[in-house]
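Read the figures in this text as sums done on the coordinates, not as results from a lab. Quantities reported herein were computed from a predicted structural model and do not represent experimental measurements. Note: ideal-geometry Cβ built from the backbone for every residue, glycine included; neighbour counts use all protein chains shown.
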Amino acid sequence: MTSGYQVFLGLDVGKGEHHAVGLDPTGNRLHDGQLPNSEPQLRALLDKLAAHGPLLVVVDQPATISALPVAVARAAGHQVAYLPELAMRRIADLYPGRAKTNARDAFVIADAARSLPHTLRSVDVGDDALAELEVLVGFDDDLAGETTRIGNRIRGLLTGIHPALERVIGPRISHPAVLEILSRCGGPAGIRTAGRRKLASIATTHAPRMGDKLVTGILAALQEQTLTVPGPLPPTPCCPG
């Protein structure tokens, strides 16, 4: 990072609020306090500190919860950088005290920007794109995990009340045709009540190639077990339509 800044603003970012420490080139504190993650308050602080001269904003991570401070700083025309986590930990060990607090971390970030500029990394447009991808991948991973959890739970319930039916639809539990049958017909009793015609209508709509085979397997499994085992899957018939 280049020199020439008159203010070094370190932000220890958080979900609801950040801790901000602003230092001048000699290390004097120009600001030290909590900073809500709000555009008006972020702009107000940046404008206040920019009155002292060129401002460098430094965060402890370039993505996710630091997105708004980074965007506001850029919109105001200020340079933005971040201090990598490994460098942050090593530099923090050079300061007195071992207690990890937001205020201490924000000061370490600001002081590193002031005295150790070579430790900083620039936040560029590529980082923004990477941050967006990381968020999307995170959502996708969460959804995939939730889908797996629910599928396993349904298979576990079916195994307890109707093992034969689970053997047929369990391996296809995430298929749209199977999910639609379960959501509209409920458990084994509801599926049996629906009958072949209704089941075939549902299955072939969502699985044109395997619909008939799926329904045949489901009906065969239902014939295999005549006893009704009490369980949490609702024995309601298919909804009309």
Checklist outcome for this item: Rounded to the nearest 10 degrees, the helix 39-50 long axis (Cα) sits at an angle to the longest Cα principal axis of the chain of 20
Item to check | the range 1-78: antiparallel DSSP beta bridges as a percent of all, rounded to 5 | outcome: 70
Checklist entry - Want the number for Asn152 to Glu17: 0.36 nm per residue separation, take away the alpha-carbon distance, what's left? => result 44.8 nm
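Once the Cβ-Cβ distance between His206 and Ala164 is put in as r, and R0 is 22 Å, what FRET efficiency do you end up with, to the nearest 0.05? Before the final figure, lay out the partial values.
Working: r = 22 Å, r/R0 = 1.01.
Taking R0 as 22 Å, the efficiency between His206 and Ala164 is 0.50.
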Checklist outcome for this item: Of the candidate values (i) 62, 47, 38; (ii) 50, 40, 33; (iii) 84, 36, 27, the one computed for Cα extents along the principal axes in Å from this structure is (iii)
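Please tell me the relative contact order of the chain in percent, rounded to the nearest whole number, where contacts are Cα pairs under 8 Å and at least six residues apart.
Details: 359 pairs, mean separation 39.9, N = 241.
Averaging sequence separation for qualifying contacts and normalising by length gives 17 percent for the chain.
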Checklist entry - If each of Ala76 and Ala50 carries a label point 7 Å out from its Cα toward its Cβ, how far apart are those two points in nm? => result 0.7
Item to check | Under 30 Å between alpha carbons - lysine pairs in the chain that sit 8 or more apart or on different chains | outcome: 4
Item to check | Length released on extending from Ala144 to Asp24, taking residue separation times 0.36 nm less the Cα-Cα span | outcome: 38.4 nm
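Figure the gain on full extension for Arg197 and Glu39 (residue separation times 0.36 nm, minus the Cα-Cα span) and round it to one decimal in nm. Could the numbers behind the result be given before it?
Numbers: separation 158, 0.36 × 158 = 56.88 nm, distance 5.83 nm.
Full extension of this stretch gives 51.1 nm more.
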Item to check | Signed unit charges on C-beta, dipole axis of the chain, positive-most listed residue Thr226, Ala200, Val70 | outcome: Thr226
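Which FRET efficiency value, to the nearest 0.05, is calculated for Leu94 and Thr64 with the Förster distance at 22 angstrom and r the Cβ-Cβ distance? Walk me through the numbers on the way to the answer.
Values: r = 27 Å, r/R0 = 1.24.
Efficiency, from the Cβ-Cβ distance: 0.20.
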